[in-house]
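**Student:** Dropping a structure here in structure tokens format, bear with me for questions.
The values are calculated or read from the model by the stated rules, or taken from the named source; none is laboratory data. Because the structure is predicted, anything quoted here is derived from the model rather than measured. No Cβ is skipped: glycine too gets one built from the backbone with ideal geometry, and neighbour counts run over all protein chains shown.
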Amino acid sequence: MVLSRLNALKEATAIETSRLTSLFQLSKYLGTEFHERVKNFMDEYTRLTLRDYEKYEVGRDSVYSLYDSFRLMDLKNEHKKIIASSFFQSLGDFGVVREKLEYLTKMKMLKAMKIANLVLALILITLLFLNRGETFTGTLFVLLSTTIIFLLLILEDYDNLKIGEYAINISNAEQLFDLIDKERYYPEILLSKVKLEEGRTYRIGFYDKKENNEKIVNLVYNHSFNLKLNNLFNKFKKK
């Protein structure tokens, strides 16, 4: 069930990225002002959902604000009206997949199932313990018990989206930031999951839960990057 959920997430994030790409490309023909608005929307939406991937609803207001920007569209001829029709269709498809992502990221394994897994694992470990005797069975007990515990921990991480899917979401976000010609953004907590390029400028987000806001700092990845990062982290942590 957990792996099926992850497969659904992979498919949905791929569709979401393709629809956002379509929105950006189509908006180029609907006026400079509107195109810039779409560009800013994509940047804000991608940053928010990357930072709070398990709370996908954080992107709702960004999407709603895009609908309020339709008045900026340049629809002076029939050709642009046809493009606008394609834009609306892509936006509708994007809205559907965004709702699906919101549901999938919030969905968790039932507590009853987690308890059942834990109880069955404990029973199995107990039976293995009671059947210990010779050196071989004792070694087998240690190996199987350790494997069972690791499986439970891995299952929990998959359920909390800490394995696999986050890496895919980061990759999609990087693709979108490059498309709209914005520096790549990473929340400070995700830096250990990404590979940074020497001499490239990145936007690093430091989130303050108490004040419920985020400070984004531009940093160049070089020999002093980690030192600057630690200083900024300590600075925002003290606040």
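**Student:** Criterion first (among the basic types (Lys, Arg), under 30 Å from LEU155 (Cα atoms), part of a helix (DSSP H, G or I) and in contact (Cβ under 8 Å) with a residue 60 or more places away in the chain) does LYS39 satisfy it?
**Tutor:** Details: among the basic types (Lys, Arg): yes; under 30 Å from LEU155 (Cα atoms): no; part of a helix (DSSP H, G or I): yes; in contact (Cβ under 8 Å) with a residue 60 or more places away in the chain: yes.
For LYS39, the condition - among the basic types (Lys, Arg), under 30 Å from LEU155 (Cα atoms), part of a helix (DSSP H, G or I) and in contact (Cβ under 8 Å) with a residue 60 or more places away in the chain - is not met.
**Student:** Against the definition (over 13 Å from GLY95 (Cβ atoms), charged (D, E, K, R) and over 12 Å from the mean Cα position of the chain (by Cα)), how does LYS28 come out, yes or no?
**Tutor:** Numbers: over 13 Å from GLY95 (Cβ atoms): yes; charged (D, E, K, R): yes; over 12 Å from the mean Cα position of the chain (by Cα): yes.
Yes, satisfied.
**Student:** Name the residue that is farthest from LEU179 (Cα to Cα), counting only residues in the stretch 64-92 that are out of contact with any Leu (no Cβ under 9 Å at 6 or more places or on another chain) and among the hydrophobic types (A, V, I, L, M, F, W, C). Before the answer, list the steps.
**Tutor:** Let us first name the residues in the stretch 64-92 that are out of contact with any Leu (no Cβ under 9 Å at 6 or more places or on another chain), namely 64-65, 68-71, 76-79, 82, 85, 88-89, 92.
Subset that is among the hydrophobic types (A, V, I, L, M, F, W, C): 70, 82, 88.
Details: PHE70: 22, ILE82: 23, PHE88: 20 Å.
Checking each candidate, the answer is ILE82.
**Student:** Which residues, taken from the stretch 43-62, are surrounded by 16 or more Cβ atoms within 10 Å (Cβ to Cβ), out of contact with any helix residue (DSSP H, G or I) (no Cβ under 6 Å at 6 or more places or on another chain) and either closer than 12 Å to LEU176 by Cα or without any contact (Cβ under 8 Å) to a residue 60 or more places away in the chain (or both)?
**Tutor:** Correct list: ASP43, ARG47.
**Student:** Somewhere in the stretch 79-86, is a residue under 23 Å from the mean Cα position of the chain (by Cα) and surrounded by fewer than 16 Cβ atoms within 10 Å (Cβ to Cβ)? Talk me through it step by step, then tell me what you get.
**Tutor:** Narrowing the stretch 79-86 to residues under 23 Å from the mean Cα position of the chain (by Cα): none.
No.
**Student:** Are any residues in the stretch 69-117 at pLDDT 90 or above and polar (S, T, N, Q), and if so, which ones?
**Tutor:** Correct list: SER69, ASN77, SER85, SER86, GLN89, SER90.
**Student:** Could you check, for the stretch 33-42, whether at least one of its residues is surrounded by 19 or more Cβ atoms within 10 Å (Cβ to Cβ), within 21 Å of ASP178 (Cβ to Cβ) and either among the aliphatic types (A, V, I, L, M) or in the same structural domain as ILE189 (by TED's automatic domain parsing) (or both)?
**Tutor:** yes
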